[in-house]
Amino acid sequence: MVNYNCLLFKYAYLGYLYLKIKFLKIFIKYMVSVRCKMVVKAALKELGLHFIVVDLGEVEIMEDLSSEQREQLKSALHEQGLELMDDKRSILIEKIIVTIVELVHYSDEVPKTNFSDYLSEKLNHNYTYLANLFSEVQGTTIEHFMIAHKIERIKELIIYDELNITEIAHKMNYSSVAHLSNQFKKMTGVTPTYFRQLKDKRRKTFEEIGAPEQGQ
């Protein structure tokens with residue numbers, strides 16, 4: 001007869017051990033897409049390394065890396081346009097970039113606090129320190145970097161043609177369509193409406209090129 005109390009104790013103890021294990025975190029630069037995650041997983045498997053988590057910019061593996069393995073991983077990532085990071089400042093900057101990319105391009109959830117508080121809490125650093133470090137190294141502000149990514153995301157949403165401008169403004173957390181339009185024009189030189197017209201005109205031109213001539 002199965003002793004369920006023993007089984008429960010066994011699984012509880014295994015869970016406790018799992019939580020006590022400190023997995024090795026490694027940080028990777030330029031890892032900002034799902035494809036990048038697939039590339040990193042393949043590189044880790046090739047080296048016989050077992051990953052627990054593979055997120056944008058950050059990976060947890062079960063093993064410690066030897067110097068040889070670190071160099072092999074560094075080389076494999078470099079071939080794919082990625083970079084293994086060691087410098088703490090570089091790691092922090094990459095975390096800022098990844099947080100913005102995830103929030104703008106991959107998340108449908110809007111932070112309940114303003115972005116500066118959200119970033120500060122997520123990265124456990126004072127926002128002023130983060131902002132100064134980012135500007136010093138990247139040559140642009142966190143705010144401008146985020147706006148640039150928001151505009152690129154808005155372009156994608158317009159091209160997908162699944163949402164109207166009002167819906168896009170709501171999805172991208174703008175206070176109004178006017179706010180979105182003003183920021184979009186400031187960054188691109190055209191309004192979202194005109195950008196959509198350009199997209200439609202280009203698609204129509206391609207369709208006309210591909211259409212058979214009369215009488216053929």
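The values are calculated or read from the model by the stated rules, or taken from the named source; none is laboratory data. Here the structure is a predicted model, which is why all the values come from computation and not from measurement. Methodologically, a virtual Cβ is constructed for each residue, glycine included, from the backbone with ideal geometry; neighbour enumeration extends over all protein chains shown.
With L157, L103, L180 as the choices, which residue is within 22 Å of M31 (Cβ to Cβ), surrounded by 13 or more Cβ atoms within 10 Å (Cβ to Cβ) and either without any contact (Cβ under 8 Å) to a residue 60 or more places away in the chain or of a type in the set (D, E, K, R) (or both)?
Residue meeting the stated conditions: L103.
Go through (1) more than 15 Å from F23 (Cβ to Cβ); (2) not in a loop (DSSP other than H, G, I, E, B); (3) not aliphatic (A, V, I, L, M) one by one and return the number of the condition E60 breaks.
(1)
Here is a list: K25, K37, K41, K10. Which entry is in contact with a strand residue (DSSP E or B) (Cβ under 8 Å, 6 or more places away or on another chain) and either at pLDDT below 90 or part of a strand (DSSP E or B) (or both)?
K25
Which one of these is over 15 Å from the mean Cα position of the chain (by Cα) and outside the structural domain of E46 (by TED's automatic domain parsing): E109, E94, E143?
E143
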